[in-house]
Structures are given as C-alpha cells and as structure tokens.
Amino acid sequence: MKDLKYITSLLLVLLFLVACNEDQFITEKPKDFLSPENAFGTEQAFVSALADIYLDNRNGFYSPGDGIGNFAILGVDVDLTWAQQDKEGVYTSDIFNWNTFNADDGFSKSLYARCYRLIFKANTIIGRINDISWESEADKNAIEGEARFLRAYYYRLLANMWGGVPLVLEEIQDPKYDFVRDTRENVYLQCKEDLEFATQHMYTVDQVPAGRAPRAAAYHILSEINIQLGDYQGAIDAASAVIDGGNFALMTNRFGLFKDFQWRGYDYTGPTEPWGDVYWDLFRKGNFNRSSGNTETIWNVQFEYNVLGGSTDGVNGQFVLERWVGGRVYWNSGWARDLNGLRNVYKDTLMGRPTGLGGATDYLENQVWNFNGDFDKDIRNSKYNIQRTYYWNNPESAFFGMPMTEDTYQQSLLPRFRSGRMSQPSFKKNVSLFHEDYKTQDGENSTDGRIFKDWYIIRLAETYLLRAEAYYRNGNSDLAAADINTIRSRANATPVTPGQVDLDLILDERARELHFEEYRLNTLLRMGKLAEYLRKYHSSTLENGYTIDDRVNLLPIPNREIELNTGAVLEQNPGY
C-alpha cells in the first residue's frame, strides 16, 4: 500500500511538471528586492538607473576616501606629483613603483574592475530600453544615447590604458569565464558607434541638470576617439560642434560668488585687497555650474554638503583632493614651529589642508611655467592660483607675517623643511575657500582635506586642446596654434607660434590648464607618452635612477582577471 501511494504521488508530480509551461516554471522573478528583472518597469526607473551610474562615477573617480592611490589617475605619482619623501628627502611611498610595476598592482585591478562594473550598468539600461512602452520616442532615444555615451566613456578609458580589452555589449545574466580580448581599434570603433548615436539623441545642455552629461560631452569624447582612430578631420568636426555650437564659451571675465572677494593675503597682515582672477573664479565653490553663469562647464561632478545624496557629515561623501595635492605645512601636527617653539595655526580661508603627500614635481612647479618667459605673466601661475611662500600665521609668534625660512624655523625640524615637505606649492584650485562647519580636534574650521565643491569632468578648455591636437596631427600647425592661443590669451600668456607646436607642447599646455582636472594618467597612456614622461619628469624615477621601459605605456591586465577566466585565454600585455 505504501508503494502504491508513493507511485501515485510520483505520477501526480510528473503530470504537474508535464502540464506546466517549462519557460514559466524555471523563470524566477524576485518579488522582495530590486533586480534587473523587476526594476525597469517605468521611464523614471531608467532615469534612476542612469543616476546610479553617475553616483558610482562620482564615488569611484572623485573619491571621498583618504588613500592617495584614489587620485593616481589625476597624475599623482606620475609626472605632476611625487608621493612621499622621508626626512632625508628620499622618495619612499610611490603609488606605482613604476620600475617594478606588475599585474598584481592594486590600482590597476580596482580601476579595471570599476570600468567594467559601470559598463555592466550601462549595458543593462541599453538592453532593457525596449521592455516598456515610451510616451516619446525622442525620450527613449535620449536615455539610450546617454547610456551608450557612458558605456563609450568607460571603454575609452580601458582602451587608452590597457589597449585591447574584452568587448561586452550585453547584460551578463549568468557566470561567464571565457572572455577574450578584442583589438584596441575595435574597442575604439565601438566607442565611435555609441558616441555617434549619442551625439544625435542625447539631451542638450539646456535640457539636463548640473552633473548629468549633455550631448556636448559625447561630441568631446568622440573627438578624442577619432584622434585615436586617426580620423583627424572627424576629431576636428566633433570638437568644433562643441566650440562653435553656441552653447559654450570660455570665461574671460571675473564672475561668480567671489568676484569681489577681498583678503589680507597669505601672511594675514595688513589691509584687505582685491583677490583672485578669472582662472581662480573657475574653481570656487558655487561657480562650477551653468546656473552660476559658467559657460565653460560641459560636464561636472556634483558634491553637496549635508544634503541627501551629498554628504551627511564633514568627512564622508566629499572629494578629498585638497588632502593630497595641497600645501606643505603641518599646522596641527607640530611640524611647523618657529624658533621659540610656537606652531602655526589652522586658518579658515584659502590655506587648504597641509598635506604629507602629493608634492608637485619640478615639471609642474617650475618647468611648465618658465615657457616663453611667462613665469610671472601667466595668471594660472599667479599668487592667487599657486602659493609658493608660506608665512608664520600665529599672531602670538614673534615671526608673525614673516616667511617661513630656515632662519626662523625650529632647528630640530629643519630636515623636514629641507626635504621639501615644508615648501611645496599649494594649488588653489584644489582648496576650499571656506571650510563649512567641520571642526578639527582643536576646534578650528577645516576641510580635513575635503574640498566641499563640485569638480570638472569636461571643461571647454580641454575641447580646444583636443582640437589643437587634431589640427596638429592633421598637418595644420597654424590652426593648432590658434586654438592653443585661445587658452593662453585668457591666461595672459605669450602666444605660441605654429613652429613651436608639437605633442609635447600640447601636453605642457594641458598640464598648465588642466592639472588635477584631466585624467593625466589616461592622457599619457592614450598618447603613448607615459614611459617617456616618467623618465623625464617623475621625481622618484629621477632621484633613484630607476629604469622605466616602454611596457608601462599599457597597464597590465590584472592577474586576478586572467586567473578567473578559466574558459579561455585572456592574454597579458607584453612585458608583464
């Protein structure tokens, strides 16, 4: 009887299985948490998915974390800055250790994975764009265009820095272990296809809020991609669509919240005086968006203090740029003490957080500014934008208002001073004018390294420099010089001649104009110049006599990716 009951039950189960629709039976639909299967039911859901990519981009590329490696892509420990010196002046804490750089490097692993994570999110939007009925075909195409722009933006980083990489254009729903590398050219071609769609369909700058990429951003990146593909006229045309399109213009006059700002100066003595210039204005809090009258911004990242989605305290959720490429004086740790033992104090305006790492190389501190005899002429190197002399600012000090020199510095701490830790320039674009209400342990206002302001991803000045590069590569140095001089004219710098224009001059001009804005590491790798520039300008390489070979002109495919890819061979770049 038990056997009969068992057989009957089994037959009923089998009958149930046969009667079921097989596809419906094996398809799982989550009901108590969001997933791609249930999250894309409305048009607003797609907008929210794009917002998630922008959030991930902000937190991943404009880091709220203290680790100096978070800022390596901006040029820290490349040709613009060194990492750390000990008290004898020896470089000790390089991020990359370029002479022994290998496929287990943490920066390479994290950046590679970050780009693919964001590509996956973009693929999900693109792949599900037709899952709903859209009220407007134009809105659907605009959302798809924005997702395709973002996908191209991250694939462009991968191709520039790693060369050929796996091209994944669909949402991956099951484990996959058989990725293979496509060619660098094919990756660029895919970027071009995505960007050409984006330039036809993305919302224009007057249709999107600050922080969201407009159509002009796609034209800008398309210009770069066309340069990489050798389509120089296409690059010129794409950049011209932005420059000549009527929506953007360089800021040439004082503007914004602090155009009438007055200050006593870095010595904190004497009467106040008008302070700043138009380049200084570009980097003041509240001046980054078009709503502030800034017609130079194409795409920027948004930070807000004490708001939902911004920052809920003085530390988390803010870009820590000031911490790593700020001034060189330790106010609060006891290093900056005068002959009588009195230390300097925190000041709330323009000084910035004193840093222990990230000092400027001689290339950025001196060499690029000595070009054409413009050291004292180029406003980007003015006292408003780069501070090179520090002053005793404690009113109780006998040296108040005097420069900090070896003659006034506590003798036991002079090795620190002489090593360069106390005399590196402070780049005021990286400094908050006011430090919100975050308090130090001493009760003073401070950023603690957070800049509490938005930051540029793409600025029109870079579009001019991209077009100048395309003109030069296309054999027209006259027009290349004209675009470079548009930037230099705003900076009150001596015009360049067509005969002076080459790729090195363009890279120098990018350093003068875009330091700590552009992804300098990406630019050097894109142009095949990283190894050369490390050998010429990287402080640790020069100091220690390292041998840097050309293999570093491509980053290594992370060993982790190669080892996990058990179903196919994921080839490594040469030399690693």
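Do we find a residue being at pLDDT below 95, of a type in the set (Val, Ile, Thr) and either assigned to a loop (DSSP other than H, G, I, E, B) or assigned by TED's automatic domain parsing to the domain that holds Arg560 (or both) anywhere in the range 120-137? No - not one qualifying residue is present in the range 120-137. Against the list (1) modelled with pLDDT of 90 or more; (2) basic (Lys, Arg); (3) outside the structural domain of Gln173 (by TED's automatic domain parsing), the condition Lys109 fails is (3). Against the conditions (1) more than 30 Å from Ser136 (Cα to Cα); (2) at pLDDT 80 or above; (3) part of a loop (DSSP other than H, G, I, E, B), Gly41 satisfies every one except (1).
Could you go through the range 2-17 and let me know if any residue there is part of a loop (DSSP other than H, G, I, E, B), at pLDDT below 90 and either out of contact with any Gly (no Cβ under 7 Å at 6 or more places or on another chain) or not assigned by TED's automatic domain parsing to the domain that holds Pro558 (or both). No, the conditions are met nowhere in the range 2-17. Is it the case, given these coordinates, that Tyr177 is farther than 21 Å from Ala39 by Cβ, outside any helix (DSSP H, G or I) and modelled with pLDDT of 95 or more? Yes: the conditions hold for Tyr177.
Here the range 407-426 is the region considered, the condition is being modelled with pLDDT of 80 or more and in a loop (DSSP other than H, G, I, E, B), and the residue that is surrounded by the most Cβ atoms within 10 Å (Cβ to Cβ) is Pro425. Screening Arg156, Arg151 for residues that are of a type in the set (Lys, Arg), free of Cβ contacts under 8 Å to residues at least 60 places away in the same chain and part of a helix (DSSP H, G or I) leaves exactly one candidate, Arg151. Just one of (1) outside any loop (DSSP other than H, G, I, E, B); (2) in contact (Cβ under 8 Å) with a residue 24 or more places away in the chain; (3) not aromatic (Phe, Trp, Tyr) trips up Gln572, so point out which. Gln572 satisfies every listed condition except (1). Among the residues making up the range 526-568, those that are exposed (fewer than 15 other Cβ atoms within 10 Å of the Cβ), assigned to a loop (DSSP other than H, G, I, E, B) and either touching a residue at least 12 places away in the same chain (Cβ under 8 Å) or in contact with a strand residue (DSSP E or B) (Cβ under 7 Å, 6 or more places away or on another chain) (or both) are Gly528, Thr547, Asp549, Thr566, Gly567, Ala568. Between Ala147, Ala218, Ala142, Ala152, the distinction of being under 27 Å from Asn300 (Cα atoms), in contact with a Cys (Cβ under 8 Å, 6 or more places away or on another chain) and hydrophobic (A, V, I, L, M, F, W, C) belongs to Ala152 only. Pairs are defined by a Cβ separation below 8 Å, a sequence spacing of at least 6 or placement on different chains, a first member in the range 47-62 that is outside the structural domain of Ala122 (by TED's automatic domain parsing) and under 14 Å from Thr124 (Cβ atoms), and a second member that is surrounded by fewer than 19 Cβ atoms within 10 Å (Cβ to Cβ) and among the hydrophobic types (A, V, I, L, M, F, W, C); the pairs so defined are Ala49/Ala39.
Here's a check for you: in the range 431-486, which residue that is modelled with pLDDT under 95 and farther than 30 Å from Arg212 by Cβ is surrounded by the most Cβ atoms within 10 Å (Cβ to Cβ)? Only one residue fits best here, namely Ser446.
Take the residues in the range 354-406 that are of a type outside the set (Ser, Thr, Tyr) and touching a Pro at 6+ places or on another chain (Cβ under 7 Å); name whichever of them is surrounded by the fewest Cβ atoms within 10 Å (Cβ to Cβ). The qualifying residue surrounded by the fewest Cβ atoms within 10 Å (Cβ to Cβ) is Arg388.
Listed conditions (1) closer than 19 Å to Ile379 by Cα; (2) modelled with pLDDT under 95 are all met by Ser539, apart from (1).
The values are calculated or read from the model by the stated rules, or taken from the named source; none is laboratory data. For clarity, every value in this text was computed on a predicted model and none was experimentally measured. Using ideal geometry, Cβ is built from the backbone for each residue, glycine included, and neighbour counts are taken over all protein chains shown.
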